[in-house]
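The values are calculated or read from the model by the stated rules, or taken from the named source; none is laboratory data. On a predicted model such as this, the values are computed, not experimentally measured, just so you know. Heads up, the Cβs are rebuilt from the backbone with ideal geometry, glycines too, and the neighbour counts pull from every protein chain shown.
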Amino acid sequence: MFAAIPLSMQQEAPALPGSGRNVWRIPRAHLRLPTRPTDLRNGQLDQRRPTMEKLALAGRGDASMRWVPNIAFGTKGYPEKVARRLRAMNIAAWICAAQAGYFAILRMLDPAPGMFTRGLTNAGIAAAFAALPLLHRLSPLAAPLVFLAFAYWAIFRSAYQIGTGGGSDMFYLTATALFVLLIGTEHIVLAALAGAVAAGLLIMLRLVAPYDTGLVSPEVQFWGSFVTSAVINTVLLFTVMVYVLRQLASAEATAEREFQRSESLLLSILPAPIAARLKDNGVVADRFDDASVLFADMAGFTTLTGDFSPDELVAFLNRTYSEFDLLVERHGLEKIKTTGDAYMVVSGVPAARGDHAEALADFALAMRDAAQNLRDPLGRAVPMRIGIAGGPVVAGVVGTKKIFCDVWGDAVNLAARMETTGEAGRIQVPKAMAARLDQYFRLEPRGAVDIKGKGRMLTWFLVGRRDVRQAGPT
C-alpha cells in the first residue's frame, strides 16, 4: 500500500489470485550498498553494478517517487468508474486510520487508570481501517460495507465511553455520506438502509449515553475529542469530495474529448448537414433535381501497384488524396468516396447551388493541374482521367456498419463512363454539360464515343477557363 521507491525501479509481480491489486517487489540488486570506488567510472555509474547511488539518481527528478499511501492500491482490474470509488475508499479509510491512531496516542499518554488499554484498542482500530483496501480483492462493496459497520461500532463505543459531548457521534453523518458516495446510486436501497441505521444509532446514543461520563477531563473532552472530531470530519469530507469532484471533472473532460473526436470522425465521413440529420432521425434520403458529378482515376495505376511495397502504396495514395481533399474543401464541394485509385466528387449536394456545374469544372481543372506534378513512388508520372456529367440524383446514407453517404442516378453512371472512356490527363464531358459550361470555359470537341448503356455519344474535353465569353459548344 505504500511506495517509497521510484516506479521506474519497481517490477510488477503477478497479481494475487482474485485480488485485482497491484503487487510490487523491489529488485534485490537495487538495494546493494556500494562496496568499492570502482562502481563509479568516468563520472558514470557502472551499469554492471547496481547500487544505491543508481537508485538515488534514478529517483532524482522522478515524479513517481512517493512517500505517501498509494491511493490506487487494490483498484487494478476494476472498471474506471468503480476504481474511482475504491480510490476514494482508500483515502477515507486512511484518514480514519490516522484519526484512530491519534486517539490511540492520546489515550496511551493519559495516566488515568485503564486509558492505556483503551489506547491499544484505538491502535487496533487504526490498523483495521488502514487494512480495509485489502478487501478490494473480494468485491467492490466489501471495503465500504466493512468500513461502515466498523465505523458505526467505533463511533458508538467512543461516544458511550466518553459521552456525546466529545462529538464523536457526528461521524455518523460523515460515515453515511461517504458510504453513499463510495457505493454509488446503483445501490440506493443499501444507502438508504445505512442512513436509517445511522439515525437510529444517533437517537439511541442520546437516550443511553450521558453528555459527559467523567472518564476524561472537560478540557480533554472538548479540545482532545470534540475539536479533533470536528476538524477530522471536515477534513475527511473535504478531502474525499475534492478528490471525487476532480475525478468526475476529469471523466467529464475525457468524455467531452471522446465526443469531439467522434464528431470529427463522423464529419470526416459525412457532410455536416447529413451528419446532423442522421443523429436526429437516423434516415437520410434526398432527391436533387440538378447536380453535377465527377469521377477521376489514375490512368494505368492499378497495373503498377505490384511494383510498390504496401507502405509505399498507402503513403502515396494518402498524400495524393489529401491534396485532392484540400481542393474539394477550397471549392466548397463534397467528396463522396474513394474506391481504389478512383475519386468521386459532387457539386450541388447536399446543399443545392445554381453554379454547381461551373464549380465542379473549376475543381476538375485544378485537379488536373495538380495531377500533372503527380509522381508514383518510383518517380513515374501518373496522369488522371476525369469525367463530369450532370442531372438529377438521389443522395442518402446507407449501412449500419461503416456507414457512408452515396449518390445514385443516371448522372452518376454517365460521369463514371466519361472517366473510363476518357484520355489520360484530360477532362471529358457529355454534350449537355458542354453546353452548360461553354459560356465560361473552353471546350474541345472529341467526337462520337461508344458509351456503355448509352450507345454513341458526342463528347467534349474541358480545356480551361475562357478569357472572352462565347456561347455554344465549340
Check: Looking at the range 149-172, which of the residues that are aliphatic (A, V, I, L, M) and out of contact with any Leu (no Cβ under 8 Å at 6 or more places or on another chain) is nearest to Asn122 (Cα to Cα)?
Finding: Ala154
Item checked: Breaking point among (1) surrounded by fewer than 17 Cβ atoms within 10 Å (Cβ to Cβ); (2) more than 41 Å from the chain's Cα centre (by Cα); (3) among the small types (Gly, Ala, Ser), for Ser139 -> (2)
Checklist line | Within the range 314-371, tally of residues that are part of a strand (DSSP E or B) and either touching a helix residue (DSSP H, G or I) at 6+ places or on another chain (Cβ under 7 Å) or of a type outside the set (S, T, N, Q) (or both) | finding: 11
Checklist line | Which listed residue is more than 49 Å from the chain's Cα centre (by Cα) and buried (at least 18 other Cβ atoms within 10 Å of the Cβ), from Gly165, Gly214 | finding: Gly165
Next item on the list: Please work out if Ser250 is surrounded by 11 or more Cβ atoms within 10 Å (Cβ to Cβ) and closer than 30 Å to Pro113 by Cβ.
Entry: no
Item checked: Leading residue by the ranking (nearest to Leu182 (Cα to Cα)) among those in the range 100-114 that are buried (at least 17 other Cβ atoms within 10 Å of the Cβ) and of a type outside the set (Phe, Trp, Tyr) -> Ala100
Item checked: Thr176 of a type in the set (S, T, N, Q), closer than 16 Å to Ile95 by Cα, at pLDDT 85 or above and in a helix (DSSP H, G or I) -> yes
Note to self: Return the residues of the range 335-349 that are in contact (Cβ under 8 Å) with a residue 40 or more places away in the chain and among the basic types (Lys, Arg); say none if nothing qualifies.
What the structure shows: Lys337
Check: Here is a list of conditions, (1) of a type outside the set (Gly, Ala, Ser); (2) in contact (Cβ under 8 Å) with a residue 60 or more places away in the chain; (3) under 24 Å from Phe238 (Cβ atoms); (4) assigned to a helix (DSSP H, G or I), and Leu134 meets all of them except one; can you say which number that is?
Finding: (3)
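Would you confirm, using the coordinates I've provided, whether Phe156 is within 29 Å of Ala191 (Cα to Cα), buried (at least 16 other Cβ atoms within 10 Å of the Cβ) and at pLDDT below 90?
Taking the combined requirement at face value, the residue does not satisfy it.
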Check: Pro392 is checked against (1) out of contact with any Asp or Glu (no Cβ under 6 Å at 6 or more places or on another chain); (2) surrounded by fewer than 21 Cβ atoms within 10 Å (Cβ to Cβ) and fails just one. What number does that condition carry?
Finding: (1)
Margin query: Under 6 Å between Cβ atoms, which residue pairs at least 6 apart in sequence (or on different chains) link something in the range 101-130 that is without any contact (Cβ under 8 Å) to a residue 12 or more places away in the chain with a partner that is of a type in the set (A, V, I, L, M) and surrounded by 15 or more Cβ atoms within 10 Å (Cβ to Cβ)?
Written below: Phe116/Met108
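Identify, please: which residue in the range 321-360 is of a type in the set (Val, Ile, Thr) and modelled with pLDDT of 90 or more and is, among those, farthest from Ala371 (Cα to Cα)?
Only one residue fits best here, namely Val346.
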Notebook entry, point to check: Do we have Ala149 as surrounded by 17 or more Cβ atoms within 10 Å (Cβ to Cβ) and under 29 Å from Leu109 (Cα atoms) here?
Noted result: no
Item checked: Every residue from the range 435-466 that is in a helix (DSSP H, G or I) and more than 22 Å from Gly425 (Cβ to Cβ) -> Ala435, Arg436
